[in-house]
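Report on the following structure.
The values are calculated or read from the model by the stated rules, or taken from the named source; none is laboratory data. Because the structure is predicted, anything quoted here is derived from the model rather than measured. For neighbour counting, all protein chains shown are included, and Cβ atoms are generated from backbone atoms with ideal geometry for every residue, glycine included. These accessible areas exclude ligands, DNA and RNA; they are computed on the full protein's heavy atoms, side chains included. Shrake-Rupley method; radii C 1.70, N 1.55, O 1.52, S 1.80 Å.
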Amino acid sequence: MKQSLRDLIIVGAGPVGSHLAEKMAEKDLDVLIIERSDEVGRPLACSGHVSPDIWNFVPEEKREELEQNQIRGARFHAEDDSEFRFYKEEETVSYVIDRVRLDKVKAKEAEKAGAELHLGETVKSVDEEGEFVSVETDKDSYRAKIVAGCDGAQSKVREETGLPDPDHFYQGILCFTDEEDCQDFVDVFLEVPSFFGWRIPRGDSVEYGAAVPKGETPMKWLDRITERYVDSDERKDFCAGAIPIQPPETVTSDRVFLVGDAAGQTKPFTGGGILYGMRCAETASQTVEVEEPRTLEDYENGWRSSLNKDIMLGGFIENFYSWPTMLQKMPLNIFQGEIGVHMDHPTSLFSLNHLKSFLKRN
Ligand SMILES: Cc1cc2nc3c(=O)[nH]c(=O)nc-3n(C[C@H](O)[C@H](O)[C@H](O)COP(=O)(O)OP(=O)(O)OC[C@H]3O[C@@H](n4cnc5c(N)ncnc54)[C@H](O)[C@@H]3O)c2cc1C
């Protein structure tokens, strides 16, 4: 039987796909989300460490169930064990949230807005066929006017459409312990090659993690970090995932567009992509008209003009992780102390707010 023509098929019910689905369904479009996992949010491969902007993307009444801890600053540990603190005196810099729950909340909001969600169904092929796009899954076949690939770092939609990959990937690994820790500082370990390791207090647990470039063994670096704090048998719930860095030159084709990790829309100096991805989903919902595929170009221009500067500057900061320890310690020494930056916007390093904090301590 010939399938009906959907307005929009979104592949992937991560935070980005669900946010896009919610916004597009609110425009009264016929939106189908196809998610390969049987349970939204699982398997987990994320710390859920986000800026306060997260609260612009979830309903106020869900905040309490998502929030696990508030963070005011970070201790950076150089390879020689010297320590540098960056913090805000009276303000929350970031939140540690329940990432599995975030995905579930966002998927529910999408369904409430009218999107249809198919769980446990994997997209196998995507073909642009002139006036529509065919999508084959392991269970069924569909047709849509437009398809959005929100299917993460190793995007099948990107591969099927022949769109280029993000510039490079890190491999992230993390695990948890039952330590109770509500302190308001995270720890960042710079001995990890090219990127970093971390310790995040989550209230009734602690998360340890490391992200490394291809060719390195993530577990080796996770072992090195955790052994300072806990015995290896106290660690549990290991998980891992790829982190795309630097978007490719284009994330749109005739009738397909990518959003979120699929498009490499992450912060190059942390790998964080929840908020950049949801911001880009918002841009897509404001620019893409399913009857006018040419509007995909407006999406491409729109998200780039909103994120380009931060991603470019973020790339410079990412290089810092590869510097020799002696060099790394110079900027750490100069800039340590109170900060006035927004963690999603490295361009705020040049803001009046940050300048004031810098002058206050010098
Ligand atoms: C170790 C680690 C720690 C991280 N920590 C943070 C952090 O603290 N803060 C932060 O902001 N970011 C963090 N990130 C990055 C963050 O997880 C991603 O940026 C974010 O998940 C991107 O959301 P997304 O919706 O684009 O993709 P995803 O969350 O990856 O969602 C993609 C969805 O698509 C589905 N899918 C994939 N292929 C198919 C297919 N063929 N058919 C159907 N469905 C499919 C997947 O099952 C998944 O549900 C971390 C990443 C890693 C690896």
Nearest-20 debye value, the chain charge dipole, Cβ charges on Lys, Arg, Asp, Glu
760
Can you tell me the length gained on complete extension of the stretch residue 237 to residue 180, counting 0.36 nm per residue apart and subtracting the Cα distance?
18.9 nm
If you take the square roots of the eigenvalues of the alpha-carbon gyration tensor of the range 222-362 and sort them as a ≥ b ≥ c, do you get rounded (a/c under 1.5), prolate (a/b over b/c) or oblate?
oblate
For the chain, set up a Gaussian network in which alpha carbons nearer than 10 Å are linked by springs, and say which option among 343, 219, 326 fluctuates the most.
326
Reported to the nearest 10 Å², residue 323 has, with a 1.4 Å probe, an accessible area equal to 110
Listed residue (150, 210, 193) projecting farthest to the positive dipole end of the chain, Cβ model
193
Just from its helices, what would the mean residue ellipticity at 222 nm be for the chain, if runs of 4 or more DSSP H residues each count -39500 (n - 2.57) and the sum is divided by every residue, rounded to the nearest 500 deg cm²/dmol?
-9000 deg cm²/dmol
Please sort 225-232, 335-342 by packing, taking for each peptide the average over its residues of neighbouring beta carbons within 10 angstrom, highest first.
335-342, 225-232
Of all the accessible heavy-atom surface of the range 1-92, with the other protein chains kept in place and a 1.4 Å probe, what percent is carbon and sulfur?
40
Measuring from its Cα centre, the range 124-212 shows a charge dipole (+1 at each Lys and Arg Cβ, -1 at each Asp and Glu Cβ) which, in debye to the nearest 20, is 280
Regression test value, accessible area per residue of the chain, probe 1.4 Å, units Å², expected 45
Rounded to 0.05, the calculated FRET efficiency for the beta carbons of residue 227 and residue 3 at R₀ = 41 Å is 0.15
Mean-square fluctuation check for the chain, GNM, Cα pairs under 10 Å: which of 293, 244, 201 is largest?
293
Accessible-area composition of the range 235-338, carbon plus sulfur, in percent [1.4 Å probe]
56
Around residue 345 (Cβ within 10 Å, Cβ-to-Cβ, excluding residue 345; K/R +1, D/E -1) the net charge comes to -1
Excluding residues fewer than 8 positions from residue 88 in its own chain, the aspartates and glutamates with Cα under 20 Å of it are 53, 67, 181, 184, 187, 338, 344
Grab the other residues whose beta carbon is less than 11 angstrom from that of residue 81, score K and R as +1, D and E as -1, and report the net.
-3
DSSP-defined beta bridges in the chain - what % are antiparallel, rounded to 5
70
Using a Förster distance of 35 angstrom, determine the FRET efficiency expected from the C-beta separation of residue 317 and residue 70, and round it to 0.05.
0.90
Simple SL model, points at 7 angstrom along Cα→Cβ for residue 27 and residue 119; separation in nm is 2.8
Dipole magnitude of the range 46-188 about its Cα centre (Cβ charges: Lys, Arg +1; Asp, Glu -1), debye to nearest 20:
500
Residue with peak Gaussian network fluctuation, the chain [Cα springs, cutoff 10 Å], from 334, 71, 173
334
Which links in 156/236; 23/104; 23/108; 124/267; 62/108; 27/112 stretch past 18 Å when you go from one Cα to the other?
156/236; 124/267
For the ranges 76-84, 102-110, what's the packing order if you count other beta-carbon atoms within 10 Å of each residue, average per peptide, and put the highest first?
102-110, 76-84
Working out 0.36 nm times the residue gap between residue 219 and residue 286, then minus their Cα-Cα distance, what length gain in nm do you get to one decimal?
19.9 nm
